[in-house]
1. Among 1, 26, what is the fewest-to-most ranking by other Cβ atoms within 10 Å?
2. Compute the Cα gyration tensor for segment 5-128, then decide on rounded, prolate or oblate, letting a ≥ b ≥ c be the square roots of its eigenvalues: rounded whenever a/c is under 1.5, prolate when a/b is larger than b/c in the other cases, and oblate in all that remain.
3. How are the alpha carbon pair distances in segment 4-73 distributed across 10 Å bins from zero to the largest one, expressed in percent?
4. Give the whole-number value, in cubic angstrom per residue, of the convex hull volume spanned by the C-alpha atoms of segment 1-45.
5. In whole angstrom, how far apart do the alpha carbon centroids of segment 82-115 and segment 1-15 sit?
């Protein structure tokens, strides 16, 4: 059975998917979680605290998915492609993950601690998530498998996936097969431009 804190975070996450954060009411979140409003305030001290906890929860959720993708059976390139696919899926499904990965925050989302509240205070964002991805890739690939190269390729996979979040497209020759070739080092990063070939 989930704790009151977990239930409140689930209810707040569902509310955030349904409407902008400024319109989410604490009484509605508490009711959806099946707890009193006082319990919500005891757990999070208010809406700001709930928003910060929601941001941290979604960051941890994303990194857990990275761990799963990196520990799945398959070649290094297949695991890196799985990280890229997870990044796109997580960013599309959860607005907070998308904001954390891209650094694009708007007034419809709660902000992480330190952002827009107190200048100079570190805020959770793309740098911290990418650092977390690199650390996980280094651990997954290990020293004998070229941990540093694996971490660099994993970062590349995430950055490529972010381009799909920012500017979704499915150009010819891309998709999983093209990504696998790129991440395994068997495909050049750039190809011949159709316009250049006509010159």
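Taken together, the values in this text are just the output of simple stated rules run on the coordinates, not laboratory data. Everything quoted here is computed from the prediction, not taken from an experiment. Reconstructed Cβ throughout: ideal geometry from the backbone, glycine too, with neighbour counts over all protein chains shown.
1. Fewest-to-most ranking of 1, 26: 1, 26.
2. Prolate is the answer for segment 5-128, as a/c is 1.5 or above and a/b outweighs b/c.
3. Binned Cα distances yield the sequence 21, 48, 20, 10, 1.
4. Per residue, the Cα convex hull of segment 1-45 comes to 61 Å³.
5. Using only Cα atoms, the two centres lie 19 Å from each other.
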